[in-house]
1. Taking only DSSP H segments of four or more residues, each worth -39500 (n - 2.57), what value at 222 nm results for the chain once the sum is divided by all its residues, to the nearest 500 deg cm²/dmol?
2. Probe of 1.4 angstrom, ligands and nucleic acids ignored: what's the accessible area per residue over the chain, in square angstrom?
3. Read phi for every residue in segment 323-335 and hand back ³J(HN,Hα) as whole Hz from Karplus 6.51 cos²θ - 1.76 cosθ + 1.60, θ = phi - 60°, with x for Gly and Pro.
4. Given LYS270/LYS491; LYS210/LYS491; LYS330/LYS534; LYS210/LYS295, which pairs have Cα atoms separated by over 29 Å?
5. Using only the Cα atoms of segment 181-340, each taken as one equal point scatterer with no solvent, compute I(q) by the Debye sum, divide by I(0), and report log10 of the ratio at q = 0.12, 0.15, 0.17, 0.20 Å⁻¹.
6. Karplus couplings for segment 274-283 from phi (6.51 cos²θ - 1.76 cosθ + 1.60, θ = phi - 60°), rounded to Hz, Gly and Pro as x?
7. Specify which residue in the list ALA430, ALA110, LEU413 is farthest towards the positive end of the charge dipole of the chain, using unit charges on the beta carbon of Lys, Arg (+1) and Asp, Glu (-1), about the Cα centre.
8. If R₀ is 41 angstrom, what is the calculated FRET efficiency for the pair LEU400 and SER207, using the beta carbon separation as r and rounding to 0.05?
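The values are calculated or read from the model by the stated rules, or taken from the named source; none is laboratory data. A quick note: this is a predicted structure, and the numbers were derived from the prediction, not measured. Glycine also receives a Cβ, built like all others from the backbone with ideal geometry; neighbour counts cover every protein chain displayed. Side chains included, ligands, DNA and RNA excluded: accessible areas come from the protein's heavy atoms. Shrake-Rupley method; radii C 1.70, N 1.55, O 1.52, S 1.80 Å.
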Amino acid sequence: MEHGGEAGIDDLLASSGTTAGSEVLAPSRHEVPAEATRALAEANRALAETQERSRRYAALTRTAIVLLRQGQVVESNPAAARLLGSESPEDLRGARLSDLVYADDAEAVASWLDELGPGQEHPDCLAVRLCKKSGAVVDTELLALALREGGESVVQLLAYDVTDRLAAERAETEMTYMSLHDELTGLPNRLLFVDRVRQALARASRSGDKVALMFCDLDRFTVVNDSLGHAMGDRVLVAAAQRLRSALRPGDTVARFGGDEFVLVCEVSKNPSDVAVVANRLLHVLAQPVELEGKSLSCGASIGVSIALSRLSDPDDLVRDAAAAASQAKARGRGRFEVFDEATRARAVGRMQMEALLRHALENDELLVYYQPLVACAGRRLVGMEALVRWRHPEHGFILPDSFIPVAEDSGLISALGDWVMREAFSQAASWEGVLPEGQAVELSVNLSANQLRDPGLVERVARAIPPGVAPAPGRQVHLAIEVTESTLVKEGSESIAVLEELHDLGLRIVIDDFGTGYSSLAYLKRFPAHSLKIDQSFVAGVDGRADDRAIVGAVVQLAHELGLGVIAEGVERESQLQVLVDMGCDVVQGFLFGRALPAPAMTGLLVAHESPVTLEPVGATHGSIT
Ligand code: C2E
Ligand code: MG
Ligand code: MG
C-alpha cells in the first residue's frame with residue numbers, strides 16, 4: 001500500500017512490533033563500509049518481508065484495524081470496512097471517529113483515548129458501540145495503541161465484534177434469572193428463596209434477631225380463578241405480589257411457590273409482637289380490594305408463621321411448618337394468622353397420615369354410605385333419609401366423618417369422596433324408587449362441602465351421578481336433595497347462588513344444614529333457592545329445657561314457614577324434645593330418637609317392611625345400629 005510519505009497501516013502494524021528496529025535502520029549521511037551496506041540491505045529486506053507479512057495479515061484478519069490521525073480514519077483493513085458496513089477500506093478513509101462511535105459512548109471513547117500517552121497502549125479493552133454506515137449499532141471491544149509519527153499523534157484501534165458473545169451472555173443471565181424467579185410475578189422462586197432464608201439465618205445469628213417465615217395463602221383465589229378465568233386469576237396474583245413486596249422492609253424477601261402461595265422471610269426482633277405487626281400488615285394489604293376491569297375483587301389471606309429456633313434450622317422445615325400453620329389459620333376462619341407450635345406440628349403429622357390412609361380407603365372400597373331416617377312430626381312417618389359417609393378401616397375400625405371430612409377438604413380429596421358418596425347414594429335411591437310402597441314419597445339428601453361447591457365441574461358431575469331411574473320427574477317417589485351448611489353459604493356468598501340455582505334446575509332440592517351456626521339471617525338465605533332448613537342440633541339439644549333455645553327454635557320455625565321453607569330439626573334424642581318441636585309446628589325431625597344412620601340394606605328393610613305410609617316409633621338413644 002502506498003501512503004505518499006505518510007505512515008501506512010502496514011508500516012505501523014509492523015512498527016508496533018519493530019519500532020526499535022526501524023530507528024536503528026534509519027539511513028546515515030556518513031560513508032559506510034561495504035559490510036555495513038550489506039547488513040543494511042539485509043535488514044531492509046527483512047523489514048520489507050515483515051511489512052509484507054503484516055500487510056497480508058491486515059488484509060486477511062477478522063480483527064478490524066483502523067488507523068486514526070487527529071480523530072480521522074487514514075487507513076483501515078477490509079475487516080474494519082465489513083464491521084462498519086463500508087464497501088471498502090477506501091470508502092472508510094476520511095471518516096471521523098465521532099461518526100463511527102454511537103453517540104452515547106462518544107464521550108467515554110474520547111476520554112479513554114486522551115489517557116493514552118504517546119507510544120502507550122491501553123491495558124484493557126473498552127466496550128463500545130460503533131455505528132455502521134446504515135446506522136445500525138454493533139457491540140465491540142476496542143484496543144488502542146498510540147504511535148508517534150512525525151510529532152503527530154496517530155492512534156491504531158483494533159475492534160472486535162462481540163455481538164454474538166454478548167447475546168450468549170445475555171441469554172445465560174436470562175436463564176439464570178428465570179431459573180431463580182417466578183415467571184408470572186417476577187418474584188424469587190423456591191430455589192432462590194431457600195438461599196435467602198439461609199442468608200437471613202446467618203445474618204440473624206450475628207445480630208441476635210429472629211428469622212420468621214410467613215406462608216400466605218390467598219383465601220378466595222380459587223373462586224376468582226374458577227369464576228373469572230385464569231387471566232383474571234393471574235392479574236390478582238400479580239397484584240398480590242406487588243402488595244406483598246411493598247409491605248416488606250429492605251432485606252426481607254417474598255417469593256412465590258406457585259399457585260396462590262406466597263412465602264416471606266423476614267428478620268424480626270426478639271419481641272414477639274413484631275411478628276404480629278408484620279403478619280397483620282400483610283393481612284391488611286391483601287384484604288384491600290383489587291380493581292380489575294371494573295370489578296372490585298378482594299381475596300384476603302390466611303397466614304402461617306414459623307420462627308427459626310437456631311441458625312441451623314432447615315429452610316424446608318420452616319416452610320413446611322409455616323404452611324401447616326397457614327392451614328390452621330384457614331381452618332380457624334381465614335383472614336387471620338397462626339404461629340406454628342408443637343401442637344400444630346402434631347396435628348399436621350396426624351393429618352398427613354390420615355390423608356394417606358384416606359386416599360387408600362377411597363381406592364380400596366373402605367368407605368360406606370349409611371342412611372339416617374327423617375321422620376315427619378305429623379304422624380311420625382318416614383319421609384326421608386340423609387346419606388352419611390362412614391369409613392370402615394381394617395385396623396382402626398369405624399371412623400366418623402368429623403375426623404376425616406376436614407382432612408379430605410384440605411387435601412382436595414373431598415371432590416373424589418363427595419362424588420363417590422353422591423353416586424353411591426343416588427344409585428341406592430334408584431333401587432328404592434322401585435320398592436317403595438305405593439303412595440309413599442321420601443327425600444334422600446347428600447351433604448356437599450364448601451370445597452365441592454367451589455369446584456367448577458360440580459354441576460356436571462352431579463348431573464351425571466343421577467341415574468335415569470331417579471331423574472326428577474312427575475310421580476317420582478324418591479326426591480333427591482343437597483345439603484349445604486349455612487356457614488358455607490355465608491362464606492361463599494353470592495358466588496354460590498348461581499351453583500345452587502343450577503343444582504335446583506337439575507331438579508334437586510336444596511337444604512340449608514346446621515342452621516343457626518353461620519350467623520346469617522333467614523332474610524339473607526332467602527336469596528338462595530332453598531327448599532328447607534335444618535336447625536342445628538346445638539339448639540335442638542336445649543329445646544325442652546332452656547328458654548333461650550326454645551325461643552330461638554320457635555322463632556326460626558315461624559319465620560321459615562313465613563318464607564315458605566320447610567323445617568327439619570336434627571339431633572332429636574328425647575321424646576320431650578320431639579313434643580316441643582311438634583308444638584312449635586316443626587315439620588320433620590332427625591335424631592337418635594328415631595334411629596341412627598343405618599346401612600343401606602337396613603334402610604331398605606325399613607322402607608319396604610311397613611305398610612304405607614311408613615310409621616316410625618321412637619327407639620331411644622340405644623338403637624342398635626352403628627353410627
Ligand atoms: P350433618 O350433615 O349435620 O349430619 C348430621 C350429623 O349428626 C351426623 O353425624 C349424624 O349422625 C349426627 N346425628 C344425627 N342425629 C343425632 C342425634 O340425635 N344426636 C347426636 N348427638 N348426633 C346426631 P355424622 O354422620 O358423624 O356426620 C357429621 C358431619 O360430617 C355431617 O354433619 C356432615 O357435615 C359431615 N358429613 C357426613 N357425611 C358426609 C358426606 O358424605 N359429605 C360431606 N361433605 N360431609 C359429610
Ligand atoms: Mg347434613
Ligand atoms: Mg347438620
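1. Counting only the DSSP helices, I get -14500 deg cm²/dmol.
2. On a per-residue basis, the chain sits at 49 Å².
3. Result, rounded to whole Hz: 5, 5, 5, 5, 4, 4, 5, 5, 5, 8, x, 6, x.
4. Listed pairs above 29 Å: LYS270/LYS491; LYS210/LYS491; LYS210/LYS295.
5. Ignoring solvent entirely, the Cα scatterers give -0.47, -0.73, -0.93, -1.27.
6. Listing the rounded values in order: 4, 4, 5, 4, 5, 4, 5, 5, 5, 4 Hz.
7. Farthest towards the positive pole: ALA430.
8. 0.25
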